[in-house]
Ligand SMILES: Nc1ncnc2c1ncn2[C@@H]1O[C@H](COP(=O)(O)OP(=O)(O)OP(=O)(O)O)[C@@H](O)[C@H]1O
Ligand SMILES: [Mg+2]
């Protein structure tokens, strides 16, 4: 919720058909993502959200069509051109995909080793800045297994920010998180979007997240293998011609379902009081 609606397209997808072997998942889809917006890809399980994302980041080649990132076709770009393009995008995959045998800081340095020739000390400084940007200041020495689900998602976002990307792709960033942690992650995304002017492309199922962060969305459909709705979530909820789409956006979970009041723990505590070392509070994100 961060941009004027007239900003220029930073991603242009046209005539795109994607799938696996001879199995088509999405057929002839077209849409654009505008610079600075938070754009969400929605739809039921198996409709092709992750598949679409994998094509948008150049991980797979489409059966047909074009995907322009800032004017360059990621499908056909090769060599240095492709490398430069990949340097402009950051990705956090559906399952987090941090290297489990490396600390968070090392996970970030790995990206820098691949794309830059920075000296080690500079890499570690960048890693510290990225951790700070997602509210994980001072956590660089931790191993992924030592993190809570919410911290792991933040760490994956920190790694996605490593190369100061223009566009960040997130696959199900809040899946599996409790409502408060999920809402904190939404705040982080909005903060990064506002302060760093990053364009976000987010795959999600989570209705509260959609209403909290999305400027515009597309809704995919498995049977029809295409986009069945696009626009602002509130407009689709209130005015879509498609009853299924209206229902999708009016499910029982409303933004109010995330209201802290509904999730406050009971006032009388039975378990041990958290100590400073076990309790983790996000630091203020947004600074590089
Ligand atoms: N590597 C693969 N090889 C073959 N088929 C695949 C592969 N990955 C996904 N598919 C198929 O493509 C279709 C779309 O899968 P995809 O993972 O993109 O769905 P999704 O919308 O991300 O679902 P979810 O919400 O469950 O993550 C499904 O039918 C899936 O079985
Ligand atoms: Mg998926």
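The values are calculated or read from the model by the stated rules, or taken from the named source; none is laboratory data. What you are looking at is a predicted structure, and each value in this text was computed from that prediction instead of being measured. Cβ placement follows ideal geometry from the backbone for every residue including glycine, while neighbour counts extend to all protein chains displayed.
Conditions first: (1) more than 16 Å from ligand 1 (Cβ to nearest atom); (2) within 18 Å of the chain's Cα centre (by Cα); (3) on the phi > 0 side of the Ramachandran plot. Residue 71 passes all but one, so which condition is the exception?
Residue 71 satisfies every listed condition except (2).
Conditions tested, residue by residue: (1) free of Cβ contacts under 8 Å to residues at least 40 places away in the same chain; (2) more than 21 Å from the chain's Cα centre (by Cα).
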position	(1), (2)
100	no, no
113	yes, yes
122	yes, yes
132	no, no
135	no, no
149	yes, no
160	no, no
167	no, no
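One line per residue, one yes/no per condition, for (1) in contact with a strand residue (DSSP E or B) (Cβ under 6 Å, 6 or more places away or on another chain); (2) modelled with pLDDT of 90 or more; (3) crowded, with 19+ Cβ neighbours inside 10 Å:
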residue	(1), (2), (3)
98	no, no, yes
114	no, no, no
122	no, yes, no
126	no, yes, yes
131	no, yes, yes
142	no, yes, no
164	no, yes, no
169	yes, yes, yes
176	no, no, no
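Residues of region 1-35 being under 15 Å from residue 194 (Cα atoms) and modelled with pLDDT of 95 or more, which ones?
If the condition is that a residue be under 15 Å from residue 194 (Cα atoms) and modelled with pLDDT of 95 or more, then 34, 35 are the ones that fit.
Which of the following residues is free of Cβ contacts under 8 Å to residues at least 40 places away in the same chain and within 16 Å of ligand 1 (Cβ to nearest atom): 229, 139?
Matching residue, one of 229, 139: 229.
Every residue in region 78-105 that is assigned to a strand (DSSP E or B), touching a helix residue (DSSP H, G or I) at 6+ places or on another chain (Cβ under 7 Å) and away from ligand 2 (no atom under 16 Å from the Cβ), please.
90
Given the criteria more than 30 Å from residue 100 (Cα to Cα), in a helix (DSSP H, G or I) and free of Cβ contacts under 8 Å to residues at least 60 places away in the same chain, does residue 237 qualify?
For residue 237, the condition - more than 30 Å from residue 100 (Cα to Cα), in a helix (DSSP H, G or I) and free of Cβ contacts under 8 Å to residues at least 60 places away in the same chain - is met.
So which residues in region 59-75 are assigned to a strand (DSSP E or B) and buried (at least 20 other Cβ atoms within 10 Å of the Cβ)?
67, 69
Out of 81, 49, 54, which single residue is within 28 Å of residue 234 (Cβ to Cβ) and modelled with pLDDT of 90 or more?
So the residue among 81, 49, 54 that is within 28 Å of residue 234 (Cβ to Cβ) and modelled with pLDDT of 90 or more is 49.
I'd like to check something: does region 68-77 contain any residue that is within 16 Å of ligand 2 (Cβ to nearest atom) and farther than 19 Å from residue 162 by Cα?
No, because not a single residue in region 68-77 is within 16 Å of ligand 2 (Cβ to nearest atom) and farther than 19 Å from residue 162 by Cα.
In region 29-58, which residue that is in a loop (DSSP other than H, G, I, E, B) and within 13 Å of ligand 2 (Cβ to nearest atom) is surrounded by the most Cβ atoms within 10 Å (Cβ to Cβ)?
48
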